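Any read-out appearing in this document is the output of simple, stated calculations on the displayed coordinates, not a laboratory observation. Quantities reported herein were computed from a predicted structural model and do not represent experimental measurements. All Cβ positions, glycine included, derive from the backbone under ideal geometry; neighbour counts span all protein chains shown.
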Amino acid sequence: MSANELEATLGRLRAAGQEHLLQYWSELNSDQRASLLQQISAIDFDRLAALWSSVEKLDPQDSPAAKAARATPPSKIVRVPRTEADHAARAAARAIGEQLLREGKVGAILVAGGEGSRLGFPHPKGMFPIGPVSGNSLYQMLAEQLLARGRRSGRPIPYCVMTSDATDAPTQAFFQRHDWFGVDPADIRFFRQGIMPAVDRHTGKILLARKHELALNPDGHGGMLEALHKSGTLDWLRERGVECLYYHQVDNPLARVCDPEFLGFHRQLGASVTTKCVVKATPQEKMGALIDVDGKTEIIEYSDLPKDQVERLTPSNEAVFAAGSTAIHVFNRDVLEHLSASGSELPFHRAVKKVKCLDEAGQPTEPTVENAIKYERFIFDVLPLAGNGLVVEARRHDEFCPLKNATGEFSAEHVQRSLHALHAGWLAEAGIDAGAAHPIEISPLVALGADDLKNWKPKSPFPPGPLYLGPQANS
Ligand code: UTP
């Protein structure tokens, strides 16, 4: 790099008050220097400065506490079916969704750029072997659902997988190593989300992870909107005729990928964004709640909900914050296009966290108290921007058990138990005696639900012990 280039970078850094990023320059070799400059060039310092100084500027009416106080339960909501009429409405929605799939109007987005810090798995979370019997990865369980759904509608479903700097290379290599789980690679598109630097919580200065490395994190699942646009993925989807985008997260293998009923309600009721909810297990459960605020459906994070609001009831005794978000959505493609073309940006949220960084002596240090602010965007901030939201309720045991933690609730053991219970329930509903088989796992290539098993007969009784119904079970 020339002296001029270095001088120009230094000028940018001085203007932003971030010149400390080059303080170890003289100690770096040429590769490290090039890498550091490349990281610095990717930072939008104006955005960062605006975020740092915007803290006090939030309109009090827009504060989470003020919104929580004005919130009512979502008014446009399809509840789980209880009556004959509800079941008929579900069947009608399913037919509409199946039609959309047959016409090739559905695409899917999988967000897989997260750091997975709570789980502590040393690879992208999607590679975690979650199948209770097969040991299949989260990526495989989700991709095989997409494959099966596409096969039965006779149209492949375009699959857009969002990665981050940390997950991109290992994720792409994993898909390739597993032959894209049977999906035609021409139907898969990987796109990478942006990054944000972590800053010192007291000074706003960007933290250094190493002398030649900034402390960077992916910009949140809400980075999807900008990344879809910048990577040309929205254009790719439009050229393929996709109108509705099924959005899911990598950690929930119970998600019904491209569920026709869900897609059908979205289309039939003319929504811009539709979200699946489950009833919160307790008012205190740590999950975002779907609410209406000023006539628009949105999601309030559990961490933003003031304690005195958590159990609030409506005058008719309905819990205001009971509809927990599963983070499963359908977006209209043209709504996302409009939002990105009109420059609508999702807001950044601040999280005060412990971030490993260099101390004043230039030594790597593990902080004991929260030392940093991380900035992240949340995909659910699309809801109030898009307007016209709809909520569809699902039963938790059918569709929601994400892998989040190393132990306890939402650990691998918990998710595997939920998968077993779901699949054992399908066999029972189809009238198939599972005997003493345990645990039970059914490949999406065999069945996507109990209905697919109703005409299926095992050739011989299942032996006791682990049971995996894989693709060869059909032959
Ligand atoms: P979480 O918010 O649960 O985060 O992500 P995480 O990274 O999986 O785990 P922790 O919080 O570090 O323990 C929910 C979904 O959003 C994706 C994740 O990959 C997961 O599918 N995500 C999250 C992204 O794609 N990008 C991000 O920047 C953050």
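The table that follows gives values for the structure above.
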{"quantity": "Net length gained if the chain between D452 and E84 were fully extended (0.36 nm per residue, minus Cα distance)", "calculated": "130.3 nm"}
{"quantity": "Between helix 168-177 and the chain: long-axis angle, C-alpha atoms, 0 to 90°, nearest 10", "calculated": "40"}
{"quantity": "Percent of beta bridges antiparallel (DSSP, the chain, rounded to nearest 5)", "calculated": "55"}
{"quantity": "Global geometry of segment 43-100, whether rounded, prolate or oblate, following the gyration tensor of its Cα atoms and the 1.5 cut on a/c", "calculated": "oblate"}
{"quantity": "Relative contact order (percent, whole number), segment 261-337, Cα cutoff 8 Å, 6+ residue spacing", "calculated": "41"}
{"quantity": "Distance between segment 166-209 and segment 397-467 - C-alpha centres, whole angstrom", "calculated": "31"}
{"quantity": "Helix-only CD estimate at 222 nm, as mean residue ellipticity for the chain, using -39500 (n - 2.57) per DSSP H run (n ≥ 4)", "calculated": "-9000 deg cm²/dmol"}
{"quantity": "Packing-based exposure ordering (other Cβ within 10 Å, fewest first) of R118, R177", "calculated": "R177, R118"}
{"quantity": "Most to least packed among 284-291, 13-20 [average Cβ atoms within 10 Å]", "calculated": "284-291, 13-20"}
{"quantity": "Helix axis angle, 3-16 relative to the chain longest principal axis, alpha carbon, degrees", "calculated": "80"}
{"quantity": "Proximal lysines to K296, defined as alpha-carbon separation beneath 19 angstrom and excluding residues fewer than eight positions away on the same chain", "calculated": "K67, K76, K276"}
{"quantity": "Ranked list, fewest to most other Cβ atoms within 10 Å of each Cβ, for V352, V293, V446", "calculated": "V352, V293, V446"}
{"quantity": "Proximal aspartates and glutamates to K307, defined as alpha-carbon separation beneath 13 angstrom and excluding residues fewer than eight positions away on the same chain", "calculated": "E285"}
{"quantity": "Förster radius 35 Å - calculated FRET efficiency between E413 and S35, Cβ distance, rounded to 0.05", "calculated": "0.30"}
{"quantity": "Neighbour-count ranking [beta-carbon atoms within 10 angstrom, fewest first] of S325, S342, S153, S35", "calculated": "S342, S35, S153, S325"}
{"quantity": "Kirkwood-Stokes translational diffusion coefficient of segment 264-329, alpha-carbon pairs, 4 °C, 1.567 mPa s, µm²/s", "calculated": "102"}
{"quantity": "Helix 84-102 vs. the chain, principal-axis angle (Cα, 0 to 90°, nearest 10)", "calculated": "60"}
